[in-house]
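These notes concern the structure reproduced below.
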Amino acid sequence: MALYVLPIFLPLIGSLISGVLCRKLSDRQAQVITCLLMGTSAALSIVIFHNVILDGNIQQIKLFDWISSGSFYVDWSIRIDELTAVMMFVVTSVSFLVHIYSIGYMSHDAHIPRFFSYLSLFTFFMLALVTSDNFLQLFFGWEGVGLASYLLIGFWFKKPTANAAAIKAFVVNRVGDFGFALGILAIFLTFDSVSYDIVFNAAPDISGTNFVFLGHSFDVLTVICILLFVGAMGKSAQFLLHTWLLDAMEGPTPVSALIHAATMVTAGVFMVARCSPIFEFAPIALSVVTFFGATTAIFAATVALTQNDIKRVIAYSTCSQLGYMFFACGVSAYSAGIFHLTTHAFFKALLFLGSGAVIHAMSDEQDMRKMGGIWKMIPLTYVMMWIGSLALAGVPFFSGFFSKDIILESAFAAETGLGQYAFWLGILAAALTALYSWRLIILTFHGKPRADEKVMAHVHESPKTMTIPLVLLALGAILSGYFLLPMVSEYHDFWGTSILVLPEHSALHDAHHVAFWVKALPTIAAVIGIGLAYYLYMFRPDLPPKIAKTFRPLYLFSYNKWYFDELYNYCFIKPAKYLGYGLWKQGDKALIDGIGPDGMANAAVHIAKRAIKLQSGYVYHYAFAMLVGLAAVITWFLFSRS
Amino acid sequence: MISTLFLTQLQILINEAMTEFSAPDYLPALPEIFLGGISLILLTIGVFVGNRITTLLTWVTSLVLIAAVVIILSLNINDQITFGGLYIADTFGTFMKCLVLIGGAITLIMGMSYVKNEGMKRFEFPILILFATTGMLLMISANDLISLYVGLEMQSLALYIVAAFKRESIRSTESGLKYFVLGALSSGLLLYGATLVYGFAGGTSYEAIGNIIESGDLSLGLLIGLVFIASALAFKVSAVPFHMWTPDVYEGAPTPVTAFFAAAPKIAAMAVLIRVLIGPFYDAFDQWQQIIIFISIASMVLGAFAAIMQANIKRLLAYSSIGHVGYALVGLASGNEEGIRGVIIYLSIYMVMTLGAFGCVLVMRKRGQMIENINDLAGLSRSNPPLALVFSIFLFSMAGIPPLAGFFGKFYVFMSAVNADLIGLAVIGVLTSVIGAFYYIRIVKIIYFDKPKDSFDKPINIEITATLTLTGIITAFFFAYPSPIISGAAIAARSLLP
Amino acid sequence: MIVEQITFYIFAVITVISGVLVIGSRNPVHSVLFLILAFFNSAGLFVLMGAEFIAMILIIVYVGAVAVLFLFVVMMLHIDFSKLRAGFTRYLPIGCVVGIILLVELILVLTTGTVDFNIPKNVISQIPNPEAISNTEALGNLLYTQYAYLFQIAGFILLIAMVGAIVLTHKKRNEVKKQKISDQVNRDPNTAVTLHKIETKEGGTWKSD
């Protein structure tokens, strides 16, 4: 049992130690403690992975009763099945590497113990999320990672942009979380329980029942699933709720790697996969998931093309890849989604950490227009970025190839309209992915140096604590696809009972038997993208500005991220501010405060002064008060009885 | 004619005794026997050795109180009546006794430095606290009006003495005297009520009274007897209008004694009130519910309003405790299992918060002088941030701000009131807690936002630090793992109801 | 029978009147004396009920010890009672109103219900002849068996009262000379006596160190 409980709570212990004692501990002590505990946790997770996947040793451990009120009963349990084991493995290993990497990256920061405390805290919440055994626990982890993300984005809280970004991330997530919370409430209303086992077992019986709301009839499971998916959209930065992810790049780069690429943003995908026993009975909800996933994939890819900030490009690529995972889930190929989640965690963390190494080398410069020509100076980082990009673009035999292909093939094999929509947009996005990845590599590493000489003189390879995690992640980016292929193989029952797919939803099964051109198309798209990138940015660097000028509206549309921030600003923020100001001045100050708190407070003080006067200090007054009280009660009874 | 009455009555009792008497079962009363025996031994030691072993005796006494908790829990007796029906041991009693004992032990430990510094270092102090606690245990376990009375007197007498314990201080002496005089009045009310009940029910044991009322014969005499008894107990829990002694006594008594008053006797008296009303008078629920609702509302309102203008922190906590009693009584007014569970939860949380708050008051000391003015807390957040934080936690919790423990206490009692169709009562409760929040949060404002004055004496000694840490953690993190108290309270409530 | 009733009313009336006079009389010594009178009459009432043991205890303890102690205190302390009674007339009307209301209510209560002293119906055994067993013995039989528990607690209460009296009033006064035999016997000549050599003509200026 300790084996299963320890990996979850070790990061919490590390976080508490370095957080509570942050003034007392030296930087080195805090680093050693958190890294050591995190490392132990990662090692134990590998053991768990082995136990669960190879030995099929599924566990459900009840730690204690949490809430028991009427029919509402929640305990605190740990559920370790195949899905959890995979997620634990991904979370702890990436988190451990990011911890190590941060030792080097954050070495000049003044608040190192606090940073490590937050990192470990985040890991704990993420583990609580993936090991949850009921929806409330899931919600606990869900909100917890949101909190940790807020703290880490705003880690440099003296920077106004970082503060604003942290608040934005929190507020946009709140929109999603509201949907999620409503979903959980709906589950409790429908199933009278929030425990996974009970809900999942009862889902088939509930399927098809309707409820009436405002005169319209809705399918219960569809409503629940869409509400849950709204939560996933917020957390996983899907189309419409994606705006926070970009600003989140204000946080330190290791944070971007851990939270906003590898783990937290995948929580939505995990949740959809976890709830597959409900989603399977809500086909409309699945279509919604597919639609939003595919739209996000193409939307984010087009925006990534024109961005100049190195981290933003990768951030949009994350957004786009999350879209892939979602439409995989939407066509019932949950395992393909999780497969891509796993491989993506490695190569995206690699890309982020690699870009962090570049930023580190360029004296904290993030704009690609001020880089270039440094590949000889930092060859290791250069190679790492290549590996990451190859995996991201889905070039054969790198991990992304396996996972992205199976997703696209599943979408094609789903043989639905939305499946086709997703497939073709996915192919287009794949080409764009390759294009912007190599645009990034070429702008950053090749061409003439565009930075000033002082910066160029400073360019250096990162310390060992940063490069070793990079190498390890690169290994993951190359090999994980091959080794984890059984996840989606039709010959292995990798997932056991943790993911449910109805027999009629056979997209993943059919994906292995699609025509050859379907299988080859993603690779061809990637190659075209890479070629185009070389042509445009390496050999004819004069062309891109011309294209931008010719198609200026399109360019601006992409460059300004489809004007979403402006749209939201106009539609929600300004009216809300206006409304808020009006309510504050007219409603709150004049009406409510005047009559309510201020008036009440004055009245309360008045009454209080009178109440004190009763307290004269004379014993006989007190005794008299007692007797009067007694007489009053007796009189009351004499009269009420007769 | 008259002469034969008394003799006949006596003869009946003698017959009972002679025919049925055999040595009682001592085991259920083991905790009380243990405490009584130990207190005599300690008293003897104290008399011979003198005041120089006060500190040691204090430690020993608190250990003895904790040992009594262990004994009670390991006995775990459910529903045993012994001593010819005078004494009952049940789960409800077990829970309440543990609370009282823990409260007593913690105040002893917490107050040790005060006792040393303020010239109260006399060996009788811990022993009197021990006597008082024993008395409380006896009255919680009383199953007869007579044993209730003697237990009550035993604890009250010891409490009068400790209130006046700082005999050089006029305020302490005055508070002791006031408490004594008014306490005597309340004892008189209790005895008068008991005689009425005896007269109309023909017995003093809870079973006898319960049987009479259950048979549907609730005469007016019984009812008025109940009013008297309830009034006397309301005095002990300091519910309005029997509360007048509370602010004066709380302010005047030495601070550790005040902490003890606020924690232990109040809980014990509340337990007695619950046992009397839910036990023998259960079938008169319709009647006594009116009394309880009345004093509950009065206590909540007075507790909320009168505390606003107070400048003395002990006086403020006195009013706050009056308000808390009002909230706890809301649960009793529901009169069902859920309500009783709510009261028990409320009392447990109340005890923790109160001990913590008084721990903070014990720290208020500048240049060796104890101070009690609220304005002296100004700027505490800068001179001692951990203390400021923990004090604010207690205050917020008392105000009932979620997710602190105090919120859950209020939540459970108000829930039970709503479920018992006492919506008006619950609404008044919520309104008064909003008003009450004002003065709690005012202190937080003083701590955090007012101009700093010179800081309190440092370092804070280890006993108080430990107490504050423990109570602070329980208050702040109750929400994370509430089930021991909640399920314990549920079991206790179930054991009490028929 | 009629004699018994007449005696009862005489005792009862005197008790009530002297009770009123305890609070009513101006001289505190008179108050205590009226208190003693009330005790005596109550004892008479007890005797009427056949409770001669309690009657005697009442006289011995309350009259013999408590009331006499009161007298001592009142006479020795010189408390200015007229000051204490300053508000007496001011509060008299409202006090009377509440008192009378309570009294009326209690009378109402006592007259509406039936006070039935034979309610413990579950006792089946025969009531033995009151002549056969003495009052004291009967009480003793009860106190040490059925009510031993209460008896013990009562003992504790008295102990607490004693401890309280000592704690609150006992003072160790240093100015009072007190003989401690053991200290005297244990005195050691080596520590008790010191010898000093004093030069001539300097005795007047010498000081011990």
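Taking the criterion of being away from every other protein chain (no Cβ under 14 Å), among the small types (Gly, Ala, Ser) and under 27 Å from residue A:475 (Cβ atoms), would at least one residue in segment A:20-28 satisfy it?
Checked against the condition, which is being away from every other protein chain (no Cβ under 14 Å), among the small types (Gly, Ala, Ser) and under 27 Å from residue A:475 (Cβ atoms), segment A:20-28 yields no hits at all.
Take the residues of segment B:113-151 that are in a loop (DSSP other than H, G, I, E, B), open to solvent by 10 Å² or more (accessible area, probe 1.4 Å) and more than 14 Å from residue B:43 (Cβ to Cβ): which is modelled with the lowest pLDDT?
Among those that are in a loop (DSSP other than H, G, I, E, B), open to solvent by 10 Å² or more (accessible area, probe 1.4 Å) and more than 14 Å from residue B:43 (Cβ to Cβ), it is B:119.
Looking at A:528, A:524, which one is touching a residue at least 12 places away in the same chain (Cβ under 8 Å), under 19 Å from residue A:428 (Cα atoms), of a type in the set (A, V, I, L, M, F, W, C) and open to solvent by 30 Å² or more (accessible area, probe 1.4 Å)?
Every option except A:528 fails the conditions.
Just to be sure, is residue B:328 hydrophobic (A, V, I, L, M, F, W, C), closer than 17 Å to residue B:400 by Cα, touching a residue at least 60 places away in the same chain (Cβ under 8 Å) and more than 11 Å from chain A (Cβ to nearest Cβ)?
yes
Show the residue pairs that are 6+ apart or on different chains and have beta-carbon atoms under 6 Å apart, the first residue being within segment C:142-157 and more than 7 Å from chain B (Cβ to nearest Cβ) and under 17 Å from residue B:22 (Cα atoms), the second being buried (at least 19 other Cβ atoms within 10 Å of the Cβ) and aliphatic (A, V, I, L, M).
No pair meets every condition.
Filter segment A:175-196 for residues that are part of a helix (DSSP H, G or I) and exposed (fewer than 14 other Cβ atoms within 10 Å of the Cβ) and give the result.
A:189
Could you list all residues from segment B:187-236 that are at positive phi and either within 11 Å of chain C (Cβ to nearest Cβ) or within 21 Å of the chain's Cα centre (by Cα) (or both)?
Answer for segment B:187-236, where residues must be at positive phi and either within 11 Å of chain C (Cβ to nearest Cβ) or within 21 Å of the chain's Cα centre (by Cα) (or both): just B:202.
Residue A:615 passes all but one of (1) open to solvent by less than 100 Å² (accessible area, probe 1.4 Å); (2) away from chain B (no Cβ under 14 Å); (3) of a type in the set (S, T, N, Q); which number fails?
(2)
Could we say that residue A:408 is among the hydrophobic types (A, V, I, L, M, F, W, C), in contact with a Pro (Cβ under 8 Å, 6 or more places away or on another chain), closer than 18 Å to residue A:296 by Cα and assigned to a helix (DSSP H, G or I) here?
yes
Counting only residues that are open to solvent by 20 Å² or more (accessible area, probe 1.4 Å), give me the helices (runs of 4 or more DSSP H) lying completely in segment B:279-379 with at least 3 of them.
In segment B:279-379, the matching helices (runs of 4 or more DSSP H) lie at B:285-306, B:337-363.
Against the condition surrounded by 15 or more Cβ atoms within 10 Å (Cβ to Cβ), within 30 Å of residue B:221 (Cα to Cα), within 14 Å of chain B (Cβ to nearest Cβ) and of a type in the set (Gly, Ala, Ser), how does residue A:632 come out, does it pass?
So residue A:632 fails the test.
Output the number of the condition that residue C:26 fails; it satisfies all remaining conditions of (1) under 26 Å from residue C:103 (Cα atoms); (2) in a helix (DSSP H, G or I).
The one condition residue C:26 does not meet is (2).
Please go through segment A:220-243 and give me each residue that is in contact with a Leu (Cβ under 7 Å, 6 or more places away or on another chain), in contact (Cβ under 8 Å) with a residue 60 or more places away in the chain and assigned to a helix (DSSP H, G or I), ordered by number.
The one that is in contact with a Leu (Cβ under 7 Å, 6 or more places away or on another chain), in contact (Cβ under 8 Å) with a residue 60 or more places away in the chain and assigned to a helix (DSSP H, G or I): A:234.
For residue B:167, only one of the following conditions fails: (1) at the interface with chain C (Cβ under 9 Å from one of its Cβ atoms); (2) open to solvent by 20 Å² or more (accessible area, probe 1.4 Å); (3) touching a residue at least 12 places away in the same chain (Cβ under 8 Å). What is its number?
Of everything listed in (1) at the interface with chain C (Cβ under 9 Å from one of its Cβ atoms); (2) open to solvent by 20 Å² or more (accessible area, probe 1.4 Å); (3) touching a residue at least 12 places away in the same chain (Cβ under 8 Å), residue B:167 misses just condition (3).
Give the residue that is farthest from the chain's Cα centre (by Cα), with candidates limited to residues of segment A:548-561 that are open to solvent by 70 Å² or more (accessible area, probe 1.4 Å) and hydrophobic (A, V, I, L, M, F, W, C).
Result: A:551.
State the number of residues belonging to segment A:146-167 that are among the β-branched types (Val, Ile, Thr) and open to solvent by 10 Å² or more (accessible area, probe 1.4 Å).
Selection size over segment A:146-167: 2.
Residue B:154 versus (1) open to solvent by 10 Å² or more (accessible area, probe 1.4 Å); (2) in a helix (DSSP H, G or I); (3) out of contact with any Pro (no Cβ under 9 Å at 6 or more places or on another chain); (4) within 14 Å of chain C (Cβ to nearest Cβ): which is the lone unmet condition?
Tallying (1) open to solvent by 10 Å² or more (accessible area, probe 1.4 Å); (2) in a helix (DSSP H, G or I); (3) out of contact with any Pro (no Cβ under 9 Å at 6 or more places or on another chain); (4) within 14 Å of chain C (Cβ to nearest Cβ), residue B:154 fails exactly one: (1).
Looking only at segment A:201-213, count how many residues are surrounded by fewer than 18 Cβ atoms within 10 Å (Cβ to Cβ) and touching a Pro at 6+ places or on another chain (Cβ under 9 Å).
The total comes to 2.
Go through A:139, A:170 for me and flag whichever is open to solvent by 10 Å² or more (accessible area, probe 1.4 Å), part of a helix (DSSP H, G or I) and at pLDDT 90 or above.
Going through A:139, A:170 in turn, just one is open to solvent by 10 Å² or more (accessible area, probe 1.4 Å), part of a helix (DSSP H, G or I) and at pLDDT 90 or above: A:139.
Kindly check whether there is at least one residue in segment A:502-518 that is under 24 Å from residue A:82 (Cβ atoms), part of a loop (DSSP other than H, G, I, E, B) and open to solvent by 60 Å² or more (accessible area, probe 1.4 Å).
Looking for residues that are under 24 Å from residue A:82 (Cβ atoms), part of a loop (DSSP other than H, G, I, E, B) and open to solvent by 60 Å² or more (accessible area, probe 1.4 Å), one finds at least one in segment A:502-518, hence yes.
Quick check on my filter: what residues within segment A:352-374 are open to solvent by less than 10 Å² (accessible area, probe 1.4 Å) and either closer than 12 Å to residue A:404 by Cβ or assigned to a helix (DSSP H, G or I) (or both)?
Residues satisfying the conditions are A:352, A:353, A:354, A:355, A:356, A:357, A:358, A:359, A:361, A:368.
Residue-by-condition table, conditions (1) within 11 Å of another protein chain (Cβ to nearest Cβ); (2) in a helix (DSSP H, G or I); (3) modelled with pLDDT of 90 or more; (4) buried (at least 20 other Cβ atoms within 10 Å of the Cβ):
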{"residue": "B:4", "(1), (2), (3), (4)": "yes, yes, no, no"}
{"residue": "B:33", "(1), (2), (3), (4)": "yes, yes, yes, no"}
{"residue": "B:36", "(1), (2), (3), (4)": "yes, yes, yes, yes"}
{"residue": "B:40", "(1), (2), (3), (4)": "yes, yes, yes, no"}
{"residue": "B:44", "(1), (2), (3), (4)": "no, yes, yes, no"}
{"residue": "B:61", "(1), (2), (3), (4)": "no, yes, yes, yes"}
{"residue": "B:78", "(1), (2), (3), (4)": "no, no, no, no"}
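Condition first: part of a loop (DSSP other than H, G, I, E, B) and at pLDDT 80 or above. Now tell me which residues in segment C:178-195 satisfy that.
Passing the criteria: C:179, C:180, C:186, C:187, C:188, C:193, C:194, C:195.
So if I check each of C:73, C:47, C:63, C:32, which one is more than 14 Å from chain B (Cβ to nearest Cβ), open to solvent by 50 Å² or more (accessible area, probe 1.4 Å) and either at pLDDT 90 or above or in a helix (DSSP H, G or I) (or both)?
Only one candidate qualifies: C:73.
Condition (residue is open to solvent by 10 Å² or more (accessible area, probe 1.4 Å), touching an Asp or Glu at 6+ places or on another chain (Cβ under 8 Å) and either in a helix (DSSP H, G or I) or under 23 Å from residue A:348 (Cα atoms) (or both)) applied to segment A:94-108: is it met by at least one residue?
Scanning segment A:94-108, I find no residue that is open to solvent by 10 Å² or more (accessible area, probe 1.4 Å), touching an Asp or Glu at 6+ places or on another chain (Cβ under 8 Å) and either in a helix (DSSP H, G or I) or under 23 Å from residue A:348 (Cα atoms) (or both), so the answer is no.
Mind checking which residues of segment A:255-305 are open to solvent by 10 Å² or more (accessible area, probe 1.4 Å) and outside any helix (DSSP H, G or I)?
A:281, A:305
The values are calculated or read from the model by the stated rules, or taken from the named source; none is laboratory data. Only a predicted model underlies this, so the values are computations on that prediction, with no experimental measurement involved. Using ideal geometry, Cβ is built from the backbone for each residue, glycine included, and neighbour counts are taken over all protein chains shown. When the accessible area is computed, the model is the full protein with side chains, heavy atoms only, and any ligands, DNA or RNA have been set aside. Shrake-Rupley method; radii C 1.70, N 1.55, O 1.52, S 1.80 Å.
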